[in-house]
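Heads up, the thing below is written out as structure tokens.
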Amino acid sequence: MAKYPTVQSLGLPAVDKRYLVPFFRAALAHFIVQLHNLTISGPQLEAAALDIDADFTFSIAVYHLIKYTCIDPVTHVCSTADSIHVQPAHKDCQNCPILGRFDTALIRVRDDTQEPVKAFRVGQVHLVFSLPLAVMSGLCKDVQYANWPKHLAYIEWLTPFSRPGPNHCLHKITCSFAAVGGNLASVVVDLKRVVRSVPLMPNFGKVADRSWTSSNVMDKCKSFFVNPFLDQHDHTLYNLS
């Protein structure tokens with residue numbers, strides 16, 4: 001992560017609007033509650049989250065880029081191996097509109113299995129942020145300091161991996177919706193759980209929709225295939241099922 005955030009301080013109402021995160025407060029409240037008690041769920045989780053949601057009047061620091069670096073074993077040169085862009089729509093220095101970009105990523109959801117399709121899930125990263133230390137002190141006063149997350153990410157889920165298709169052997173995923181309310185399923189996670197970017201291919205069907213663009217395809221397309229062909233690591237990872 002960059003030493004300094006892209007946006008030093010941004011209020012939560014502006015965060016919701018700029019980064020398209022309508023359920024940010026609820027997702028953050030759930031994360032804070034589960035940071036204190038990993039086993040809490042159901043009505044107890046909802047009640048506890050509602051109790052602290054009302055206290056969210058602070059601002060957050062926001063980051064627009066996640067970089068993953070590697071060191072060449074021969075030259076010892078550090079280079080960028082992967083990156084995830086999380087940038088809202090904005091205007092450049094000439095006042096021309098720049099479309100937003102919210103990359104998809106592989107998120108670790110389980111630590112008790114070595115099977116990639118069970119250990120990971122695909123999500124779209126809409127926000128990467130950190131909380132002020134004073135806010136963390138208040139929200140996490142019963143959590144050991146070593147367990148405080150340094151950076152967090154707001155994720156909109158796609159469905160878990162299922163069996164690959166019989167002909168193309170690709171994993172098909174769709175947008176995931178909450179069981180209650182029918183809204184897009186979203187969570188806040190520790191950024192350490194975001195392990196790498198993941199490319200998706202739209203499921204075009206028999207006729208490609210010409211209105212799809214790189215900025216709206218995640219909203220308009222109903223299903224996607226996980227693309228394992230960009231590098232050898234991806235190809236190996238998604239075929240370990």
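A count restricted to the stretch 91-133 and to residues that are in contact (Cβ under 8 Å) with a residue 60 or more places away in the chain and either exposed (fewer than 14 other Cβ atoms within 10 Å of the Cβ) or assigned to a loop (DSSP other than H, G, I, E, B) (or both) stands at 7. Count of the stretch 134-167 residues, restricted to those that are modelled with pLDDT of 90 or more and loosely packed, with under 11 Cβ neighbours inside 10 Å, is 1. For GLU156, the conditions (1) closer than 28 Å to LEU200 by Cβ; (2) in a loop (DSSP other than H, G, I, E, B); (3) charged (D, E, K, R) are fulfilled apart from (2). Exactly one residue among ASP55, ASP16, ASP92, ASP51 is more than 23 Å from LEU131 (Cβ to Cβ) and acidic (Asp, Glu), and that residue is ASP92. The single condition among (1) within 26 Å of PRO88 (Cβ to Cβ); (2) at pLDDT 90 or above; (3) part of a helix (DSSP H, G or I); (4) aliphatic (A, V, I, L, M) that LEU10 does not meet is (3). In this structure, SER130 does not qualify as among the small types (Gly, Ala, Ser) and farther than 24 Å from SER186 by Cβ. Listed by first and then second residue, the pairs linking a residue in the stretch 190-215 that is among the small types (Gly, Ala, Ser) to a residue that is loosely packed, with under 13 Cβ neighbours inside 10 Å and assigned to a loop (DSSP other than H, G, I, E, B), with Cβ atoms under 7 Å apart and 6 or more places separating them unless they lie on different chains, are SER215/LEU99. Each residue in the stretch 48-65 was checked for being over 15 Å from VAL188 (Cβ atoms) and at pLDDT 90 or above, and 3 pass.
Residues that are at pLDDT below 90 and more than 13 Å from PHE161 (Cα to Cα) within the stretch 113-133 comprise THR113, GLN114, listed in sequence order. Filtered by the rule that a residue be touching a residue at least 12 places away in the same chain (Cβ under 8 Å) and either surrounded by 14 or more Cβ atoms within 10 Å (Cβ to Cβ) or assigned to a strand (DSSP E or B) (or both), the stretch 37-58 gives LEU45, ALA48, ALA49, ILE52, ASP53, PHE56, PHE58.
The values are calculated or read from the model by the stated rules, or taken from the named source; none is laboratory data. Keep in mind that this is a model prediction, so the values were computed, not measured. Here the Cβ is made from the backbone with ideal geometry for all residues, glycine too, and neighbour counts use every protein chain on show.
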